[in-house]
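To start, the structure itself, in structure tokens.
The values are calculated or read from the model by the stated rules, or taken from the named source; none is laboratory data. Quantities reported herein were computed from a predicted structural model and do not represent experimental measurements. As a convention, Cβ positions derive from the backbone with ideal geometry for all residues, glycine included, and neighbour counts pool all protein chains shown.
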Amino acid sequence: MVNPFVKINNEKWVIPVSGLSMILGFMFVAAWLTNDNRLNRLGFMSGDQRGRVQENVVDLVTYQRLQQEVDMLRKKESNLEQAVAHGSVGSQALNEQLQDAKVMAGLTELEGPGVKVTLRDNTKAGPFPKDSDLIHDVDLLRVTNELFAAGAEAVSVNGERLVSTSSIRCAGPTILIDDVKVASPFVVLAIGNQSVLYSSFTMNGGMMTELASASPTMVSISKEDNIRIPAYLGVTTTKTAKVPKVTTK
């Protein structure tokens, strides 16, 4: 009787490939993360660590899918707008006004000179920081309002574009920018006149002086020659509000 494994044993590639397959299989099983072993891993953490992990869990798959859908719809919208623009001179003028409106509404990515403001919790505060050693939602609100008041044409916080409907609020140990969790350090980008933005923020008794009162390391500002701020990717449709009908007498 002929041994069927004689030919296989004579092949030099069989043993290395088999060994590599076993190692890859072991690594795949070891790295497999299920809800059960995830809970087991959380059991080895302290109460504070578990709280931070659970508080900062973000459904990235859903968030990325929604962003892709919004981006796809806006590309379709732009294609329709371009088609209208090529129809006639009047349509082209209307499309230019529409593009300007999109810029003002924050629905278009922008770039230009401006300033970068970085806010961070006081790292020297120790295990029991005072309220003044932490950056709060109110601090971000006041900083962004100060920049807008100084003429900023576009502002973002940790990559999240601020528009007229944006909200900045505290939720436990994190801060929400339009329901997106952000944490220290907070990088605020603002496009506008560099000198005006910088001087307004650093003036005596201004926001920088107030934020640096606990520690100078909590706030910094720099002039930037080229800043890129992404478009707003949140919901832009209304559920309750509607345009009133024009009535003629």
Within segment 136-212, which helices (runs of 4 or more DSSP H) (wholly inside it) include 2 or more residues that are hydroxyl-bearing (Ser, Thr, Tyr)? 194-202
From GLU210, GLU224, grab the single residue that is acidic (Asp, Glu) and either at pLDDT 95 or above or within 17 Å of LEU107 (Cα to Cα) (or both). GLU224
May I ask you to verify whether GLY112 is surrounded by 14 or more Cβ atoms within 10 Å (Cβ to Cβ) and over 16 Å from SER200 (Cα atoms)? yes
Against the definition (hydroxyl-bearing (Ser, Thr, Tyr), in the same structural domain as VAL143 (by TED's automatic domain parsing) and closer than 17 Å to ALA105 by Cβ), how does SER166 come out, yes or no? yes
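Got a sec? Which of ASN158, ASN122 is in the same structural domain as ALA190 (by TED's automatic domain parsing), on the phi > 0 side of the Ramachandran plot, touching a residue at least 12 places away in the same chain (Cβ under 8 Å) and surrounded by 14 or more Cβ atoms within 10 Å (Cβ to Cβ)? So that I can check it myself, show each step before the final result.
Working: ASN122 fails: on the phi > 0 side of the Ramachandran plot.
Just a single option satisfies the conditions, and that option is ASN158.
Being closer than 21 Å to ALA150 by Cβ, of a type in the set (Val, Ile, Thr) and touching a residue at least 60 places away in the same chain (Cβ under 8 Å) narrows it down to one residue among ILE168, ILE227; which is it?
Details: ILE168 fails: touching a residue at least 60 places away in the same chain (Cβ under 8 Å).
Going through ILE168, ILE227 in turn, just one is closer than 21 Å to ALA150 by Cβ, of a type in the set (Val, Ile, Thr) and touching a residue at least 60 places away in the same chain (Cβ under 8 Å): ILE227.
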Check on SER195, out of contact with any strand residue (DSSP E or B) (no Cβ under 7 Å at 6 or more places or on another chain), within 26 Å of ALA105 (Cα to Cα) and crowded, with 19+ Cβ neighbours inside 10 Å: no
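Being in the same structural domain as VAL138 (by TED's automatic domain parsing) and free of Cβ contacts under 8 Å to residues at least 24 places away in the same chain narrows it down to one of THR209, THR174, THR217, so name that one. Step through it out loud before you land on a result.
Details: THR174 fails: free of Cβ contacts under 8 Å to residues at least 24 places away in the same chain; THR217 fails: free of Cβ contacts under 8 Å to residues at least 24 places away in the same chain.
The conditions single out THR209.
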From the list ILE135, ILE168, ILE175, pick out the single residue that is crowded, with 16+ Cβ neighbours inside 10 Å and touching a His at 6+ places or on another chain (Cβ under 8 Å). ILE175
When (1) buried (at least 17 other Cβ atoms within 10 Å of the Cβ); (2) within 17 Å of ARG228 (Cβ to Cβ); (3) modelled with pLDDT of 90 or more are applied to LEU107, the one that fails is (3)
